[in-house]
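Just below is one structure, and these are the notes that go with it.
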Amino acid sequence: MMRFGLVGTGVGGDFIARALQLLREEGSAELVAVAGRRGTKTEEFARKYGARRWYTSLEQMLSEGGFDAVAISTPHYLHFPQALAAIEAGFHVLVDKPMAVNLREADEMMRRAERRGVKLGVIFEYRFDPVMEEVKGLIEAGKLGRLIMGEAVVEWFRPQEYYERSDWRGRWATEGGGALINQAIHTIDLLLWFMGDVEEVWGLTGTFAHDIEVEDLAVAALKFRSGAFGVVQGATSIYPGLPTRLEVHGTEGTAIIEGAELKTLVVRGEEARREVRRESGLASWSRPEAVPVDNHVKLIRDFAQSVASGGKPRVDGAEGRRSLELIRAIYHSSRTGRVVKLPLAEV
């Protein structure tokens, strides 16, 4: 059984801990230690999820050890230093999205993990969602034909209090951006998983409904290496917040995912069908904590199996970096007013 230490006791940490509870029951992974800034909250969190030890610093947790991997679910700007500390201490690392706030940090994390011979995984759990896997399978089987258009639309709403509750949100130095790097990144990751790498991007970002440094609205036009076109929209300023939409269009068919539902699937020569909406759908546009933990279970199980087998996690550092690169390119384009070509070099 793979033993995890967890740093972070917020919403993301809660997902990880809940998933590890289920994985402990099947004998594949368990939570044994927790680190958090506030002692009382960390102790309560650890006891709730069956962890035997708790700490007020990652450094203390790492020095005592007793686990195989560290899961990181902390504010974005801490991902890089905490991942490096865990990697250098010889532990495998599973880090929440975004893996870092820029590509320089992401690349260094990958280099260090390779040098130390440990696994680096990134938490993009929606790749394990049955609806997403079905669409990915259809694409790979050629059912939609040659892909010509992909759209990722995240029109969410967050009140001003959302940013004021956390001193790291809404700031370039600590959040690394706004609606794109925090809320839309999951859907952008799926778009790239479906459509492939981007060749060039032109983007606009702005702040319309909040008193923050970073964007609460962004749009971008993409050209994929395959020649297909794409669109990204990300927002925390669209009241009252709408379900996420992900569209894939090919010469032989279309798949449209809205929230948790495969809203439309039309393949030339086949009867159109609709999926039944799952009751506990991916309602993150309103309440992130309401999202089911099933996909986290699958992702962490895959990560543990990759360590046991010596293989690669399905979402390793290179896969986790892809959405970050596109988001950073959109930011560069918005600042310069120019089309940005990928791959993007940041120094």
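List of remarks:
- Test: residue in the range 231-244 that is more than 20 Å from the chain's Cα centre (by Cα) and at positive phi: no
- In the condition set (1) within 20 Å of M110 (Cα to Cα); (2) in contact with a Gly (Cβ under 7 Å, 6 or more places away or on another chain), L31 is compliant with all but (1).
- Flag for I300 being more than 30 Å from G27 (Cβ to Cβ) and at pLDDT 95 or above: no
Results for (1) in a helix (DSSP H, G or I); (2) of a type in the set (A, V, I, L, M); (3) under 19 Å from T254 (Cα atoms), shown as yes or no for each residue.
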site: E134; (1), (2), (3): yes, no, yes
site: L144; (1), (2), (3): no, yes, yes
site: G150; (1), (2), (3): no, no, yes
site: V153; (1), (2), (3): no, yes, yes
site: E161; (1), (2), (3): yes, no, no
site: W168; (1), (2), (3): no, no, no
site: A173; (1), (2), (3): yes, yes, no
site: G177; (1), (2), (3): no, no, no
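- Residues satisfying the stated conditions in the range 69-99, i.e. charged (D, E, K, R) and under 25 Å from Y126 (Cβ atoms): D96, K97
- Hey, A152 buried (at least 17 other Cβ atoms within 10 Å of the Cβ) and farther than 22 Å from V315 by Cβ or not: no
- Filtered by the rule that a residue be part of a helix (DSSP H, G or I) and over 20 Å from I300 (Cβ atoms), the range 79-109 gives F80, P81, L84, A85, E88, L103, R104, E105, A106, D107, E108.
- Among the residues making up the range 216-229, those that are assigned to a loop (DSSP other than H, G, I, E, B) and touching a helix residue (DSSP H, G or I) at 6+ places or on another chain (Cβ under 8 Å) are S226, A228.
- Subset of the range 294-347 [of a type in the set (S, T, N, Q) and either within 21 Å of the chain's Cα centre (by Cα) or in the same structural domain as G196 (by TED's automatic domain parsing) (or both)]: N295, Q305, S306, S323, S333, S334, T336
- Unique residue being part of a helix (DSSP H, G or I) and crowded, with 21+ Cβ neighbours inside 10 Å when the list is A304, A318: A304
- Checking E289 against (1) in a loop (DSSP other than H, G, I, E, B); (2) modelled with pLDDT under 95, the condition it does not meet: (1)
- Boolean, V232 is of a type outside the set (S, T, N, Q), in contact (Cβ under 8 Å) with a residue 40 or more places away in the chain, more than 24 Å from G142 (Cα to Cα) and assigned to a strand (DSSP E or B): no
- Of the residues examined, V198 is one that is touching a Phe, Trp or Tyr at 6+ places or on another chain (Cβ under 6 Å), within 30 Å of G253 (Cα to Cα) and β-branched (V, I, T).
- Residue count, the range 46-68 (criterion: hydrophobic (A, V, I, L, M, F, W, C) and touching a helix residue (DSSP H, G or I) at 6+ places or on another chain (Cβ under 7 Å)): 3
- When residues of the range 19-56 are limited to those that are closer than 18 Å to V95 by Cβ and not aliphatic (A, V, I, L, M), the one surrounded by the most Cβ atoms within 10 Å (Cβ to Cβ): G36
- No other residue among D211, D189, D167, D197 is among the acidic types (D, E) and either on the phi > 0 side of the Ramachandran plot or crowded, with 22+ Cβ neighbours inside 10 Å (or both) apart from D189.
- Filter result (assigned to a loop (DSSP other than H, G, I, E, B) and among the small types (G, A, S)) within the range 321-347: G337, A345
The values are calculated or read from the model by the stated rules, or taken from the named source; none is laboratory data. Predicted model, so just to flag it, every value in this text is computed and none were measured. Here the Cβ is made from the backbone with ideal geometry for all residues, glycine too, and neighbour counts use every protein chain on show.
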